[in-house]
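One structure is given below, encoded as C-alpha cells.
The values are calculated or read from the model by the stated rules, or taken from the named source; none is laboratory data. Keep in mind that this is a model prediction, so the values were computed, not measured. A quick note on method: Cβ atoms are made from the backbone with ideal geometry, for glycine too, and the neighbour counts reach across all protein chains shown. In case anyone asks, the SASA skips ligands and DNA or RNA and just uses the protein heavy atoms, side chains included. Shrake-Rupley method; radii C 1.70, N 1.55, O 1.52, S 1.80 Å.
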Amino acid sequence: MNFADLGFRLGLACSFGGREYAAVYSRKVVLTSVLPRAVLQAVFYTLLGRLLAGPGGTRQAFVGAVGYALVTATVVRLPDVLAADKQEGTAFRLRTGVLPRPVVAACRSWPYLAEALLSAAAVVAVGSLMVGEGSVALQLLRYVPLFVLSTVALAAFGLAGAAMSVGRRSDVLVGNLLAALLLAGCQIVTARPIGWLRAVGEVLPLRHALEGVRAGIDGRSPWPQAGAEALVGAGWFAVAAVALKVQGHRAAREGTDDHD
C-alpha cells in the first residue's frame, strides 16, 4: 500500500466519521443544545469553586471548567463510534480491512474532538463574561495547544473505555462514570490536593494539561505538564488498541462478535 492509497483510505474513514456524526448531531442541535449546555455547566462549576474557595478560587475553577467542557464529547459520546459497529454488526468487516481498527476508530472520532474544542471555545467566549473572568479567558488563548493536546488524550481515554464496555452494553454508564472520575481526579473545581484522588489523577488525561495552564498563568513553565499529558494520552490509546486487538483475536478464534 503506497502513500496515496493510505491517504485515500484515511480520508474515506474521516469522511465517513463526519457523515456519521452529522446524521445524529445537526447544526441546530449543536447550537441550541450542545453549546448552551457546555456554557451553563462551566458557569455552575465556576460558581461552585467560588463558593468553596472564595473569590480566589474562581479563577482556578474557571480554568478547570474550560478543560472539563472537553469531556462530554470525547468521553461520554465518542463511544458511539464503537457502539454503532456493535449495533450494526460491522465490527468483523472492519477487522478484515487494510487499516487497523483503532486507526479507523480514531479517524471516525474527529467530529467529537471538534465538538469538544468548540464547546471549550464557547465557554471561553461566553462563560467567562457570565462569571466575570474575561481577563483569564484572554490568558487562556495562549494555551490553546495544551487544550488541543488534552482533547486528543481524552479521546483516547474515551475509546479505551468504550472498547471495554460496548460488549456489555454499558458504554453509556461507563462513559458517565469516567466523566465523574475526571471531575474528581482532575480537580476541576479546586486545585487543592484531595488525598488519594491526586494519585489517581496522575494517570488521567486533562489533569496535567490543567496544571500546565494554571502554571503558565502563574508565570511558570507549562511544558513539563504538556509532556506528561502526551504520555498519558498515548498510554490510553495503547490500552484501547490492545483491547480491540484482544477482542478481534477472540472473535476470530470463537466465531463470535468482537464485543461479545
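Some notes on this structure:
- Test: residue 170 is within 27 Å of residue 242 (Cβ to Cβ), hydroxyl-bearing (Ser, Thr, Tyr), surrounded by fewer than 23 Cβ atoms within 10 Å (Cβ to Cβ) and in contact (Cβ under 8 Å) with a residue 24 or more places away in the chain: no
- Of all residues in region 32-58, those that are modelled with pLDDT under 95, small (Gly, Ala, Ser) and crowded, with 18+ Cβ neighbours inside 10 Å total 2.
- Contacts under 6 angstrom Cβ, first residue in region 52-71 being within 13 Å of residue 132 (Cβ to Cβ), partner of a type in the set (A, V, I, L, M, F, W, C), 6 or more apart: 59/136; 61/189; 62/136
- Of the residues making up region 213-233, those that are open to solvent by 60 Å² or more (accessible area, probe 1.4 Å) and either part of a helix (DSSP H, G or I) or in contact with a Cys (Cβ under 8 Å, 6 or more places away or on another chain) (or both) are 223, 224, 231.
- Residues in region 91-148 that are in a loop (DSSP other than H, G, I, E, B) and free of Cβ contacts under 8 Å to residues at least 40 places away in the same chain were compared, and the one that is most open to solvent (accessible area, probe 1.4 Å) is 96.
- The residue pairs whose first member lies in region 10-32 and is in contact (Cβ under 8 Å) with a residue 60 or more places away in the chain and under 14 Å from residue 84 (Cα atoms), whose second member is open to solvent by 100 Å² or more (accessible area, probe 1.4 Å) and part of a helix (DSSP H, G or I), and whose beta carbons are closer than 7 Å, counting only pairs six or more residues apart or on different chains, are 17/110.
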